[in-house]
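Enquirer: Have a look at the structure that comes next, please.
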Amino acid sequence: MAGVSTSTVSLVLSGKGYVSDDTRERVQKVIDDYNYRPLRSARQLASDRTGNIGFIISDIHLSKSEAFYSRILLGAELEARNHDVYILISTVGMNIEIPKDIPRFTQSRDVDGIIIAGSVPKKLVRYLHNRDIPIVLVDFNIEDLKIDSVIMDNRSGMKAAVTHLIDQGIERIGFVGGSYHHPSIRERFEGYQLAMERAGLGQIARNPDFYYLEDSETTVETGKVGIAAILKKVTDLQAVLCANDTTATGCLLQLNKLGKDVPGEVKVVGFDDVNYAAITQPPLTTVHVPKVRMGVEATKMLLDKIEKPEQGYQTRLIPVELIIRGSSVPVNGQDR
C-alpha cells in the first residue's frame, strides 16, 4: 500500500535506522488509515523475547501493605507501557516449596525478567538467580547475591525525623518496628540509633526499654503492642519513631486509648507516606517515599539488564523527604 519494502516498514515501526521524511510520512499514513498493529507473537518469535516481565510480591505484602506496594506496581506498569511491555503479577507465600510453588511464568519462561517487590523467601530469589533470569529487587536485597536493586534512603529519612524532634527539644525518643530481618526495617532502626548517637543520645537509642522489634511483618497491631510495651518501661516517653505508617497508625490508636495527647504528650512519626497518612487523627508526620518512582526505576533497570545482560549489577538509592504534619507539632505549628 505504501509502495515500500517490508524492511522499510519495519524501520518506521521501530524508529531505528534511516528513512527519508517523505517515505516515513507515507508509511505512517497507511499505518494510521488502517489502524495497523504488529502481531505481538510474530515480534516475539523474531526477537526471541516474550515482551513480558514478571512482578512477584509476598501475599502478606499485598494484603497488609497494599497502600505501599500497589504504588510501586503502578509505577512499574506505567513505565512498562512506554516500552510496549506487559507485566504479569504473581504472589508467593513465605513457606514456599521450591520448585513446586514458584510462579508459573518462571516455569514456562513466559517472562524476560522479574521485579521482586518487598521481602520474599530468600530461597526463591536464589533459585531464580541461579537460573540466570534477570532480576531487580525493590525495597529488598540479599547481601551475598549480586542482584540489581532499587531501595529508598532509609537512614537519611530516619536522620531527618530524629533531627526534627531534637530541634523541638525532644530527647526521650523511642522506636517501634517489625522484623529486623527486613532490610528496610533494619536500616530504619539503624538510622534511628545512628542519628541519636550523633546527637549525644546514644544511651537512649541503645536502651532496649526504648525500642520494640518483633520478628513478623509490621501491622497496626505491631504499633499498638509496641507503644504499650515501651510506655510500661518509659513513662516519660516524649516521642516515638515508627518503622512505617501502618505501625504509626497503631501507635496513634493505642495512645488515644491510653488518654495520651498527640502531639502534646507523645509525638509520633511514621515512614512511607501512604495515602491515608494525611487523614489520620492527627495527620501523621512521616517520611515520604516516592513509591511510583521506585516502580518506574525498577522497570527501567530491568529492561536495561535484559538488553545488556553483561553489565555489572547496581543499587539505585531513591531520596526521601520528611513531611511534617500534626502528629509531631502543635496545632499552630507548621504543616508542610
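Enquirer: Indicate, rounded to the nearest 5 percent, the antiparallel portion of the DSSP beta bridges found entirely in the chain.
Expert: Close to 10 percent.
Enquirer: With 26 Å as the limit, write out which pairs from Lys224/Lys267; Lys146/Lys291; Lys29/Lys300; Lys123/Lys305; Lys159/Lys305; Lys16/Lys300 have Cα-Cα distances beyond it, or answer none.
Expert: Where the Cα-Cα span goes over 26 Å, the pairs concerned are Lys29/Lys300; Lys159/Lys305.
Enquirer: May I pose another question? When you count, for each residue, the other Cβ atoms within 10 Å and take the mean per peptide, how do 310-320, 131-141 rank with the highest first?
Expert: 131-141, 310-320
Enquirer: Now for a different question. How long is the gain from Glu97 to Glu171 if the chain were fully straight, where each residue apart is worth 0.36 nm and the alpha carbon distance is subtracted?
Expert: So the extension gain works out to 22.0 nm.
Enquirer: Of all alpha-carbon pairs in the stretch 154-289, indicate the percentage at a distance above 26 angstrom.
Expert: So the portion of pairs separated by more than 26 Å is 9 percent.
Enquirer: Given N residues in the stretch 214-316, what is its alpha carbon radius of gyration divided by 2.2 N^0.38 Å?
Expert: That works out to 1.44 for the stretch 214-316.
Enquirer: Follow-up question, since we're still on this one. Given the options Glu190, Glu143, Glu77, state which has the largest fluctuation in a GNM of the chain using a 10 Å cut-off (strictly under) for Cα springs.
Expert: Highest fluctuation of the listed residues: Glu143.
Enquirer: Assuming R0 = 35 Å, what is the FRET efficiency of Glu265 and Arg126, from their Cβ-Cβ distance, to the nearest 0.05?
Expert: 0.15
Enquirer: Moving on. To the nearest 20 Debye, how big is the dipole of the stretch 154-289 about its Cα centre, given +1 on the beta carbon of each Lys and Arg and -1 on that of each Asp and Glu?
Expert: Dipole of the stretch 154-289, to the nearest 20 debye: 220 debye.
Enquirer: At a Förster radius of 30 Å, what calculated FRET efficiency corresponds to the Cβ-Cβ distance of Glu143 and Arg49, to the nearest 0.05?
Expert: Once the sixth-power term is evaluated, E becomes 0.45.
Enquirer: Starting from 0.36 nm per residue, how many nanometres of slack lie between Lys233 and Lys29 once their C-alpha separation is accounted for?
Expert: Working it through step by step, the gained length comes to 65.9 nm.
Enquirer: Order these peptides, 236-243, 102-109, by their mean beta-carbon neighbour count within 10 angstrom, highest first.
Expert: 236-243, 102-109
Enquirer: Continuing with the same structure: So, by mean Cβ neighbours within 10 angstrom, what's the order for 111-124, 271-284, 22-35 with the highest one leading?
Expert: Averaged packing, sorted descending, gives the order 111-124, 271-284, 22-35.
Enquirer: Give me the angle, in degrees from 0 to 90, between the Cα long axis of helix 21-33 and the longest principal axis of the Cα atoms of the chain, rounded to the nearest 10.
Expert: 80 degrees
Enquirer: Put one equal scatterer on each alpha carbon of the chain, apply the Debye formula with no solvent term, and list log10 I(q)/I(0) at q = 0.07 1/Å to two decimals.
Expert: Once normalised to I(0) and log-transformed, intensities are -0.38.
Enquirer: Working out 0.36 nm times the residue gap between Thr163 and Asn275, then minus their Cα-Cα distance, what length gain in nm do you get to one decimal?
Expert: Residue separation times 0.36 nm, minus the Cα-Cα distance, leaves 37.9 nm.
Enquirer: Amide H to amide H, which residues 5 or more places from Val92 or on other chains are under 5 Å from it, using H placed in the peptide plane?
Expert: Ile57, Ser58, Asp59
Enquirer: What's the center-to-center distance, using Cα atoms, between the stretch 277-298 and the stretch 14-35 in Å?
Expert: About 43 Å separates the Cα centre of the stretch 277-298 from the one of the stretch 14-35.
Enquirer: 5 Å is the cut-off here: which amide hydrogens, built 1.01 Å from N in the peptide plane, fall below it relative to Val138, excluding neighbours closer than 5 in sequence?
Expert: Correct list: Ile116, Ala117, Gly118, Val150.
Just so you know, all these numbers are worked out from the coordinates, no wet-lab data involved. Predicted model, so just to flag it, every value in this text is computed and none were measured. We place every Cβ from the backbone using ideal geometry, glycine too, and count neighbours over all the protein chains shown.
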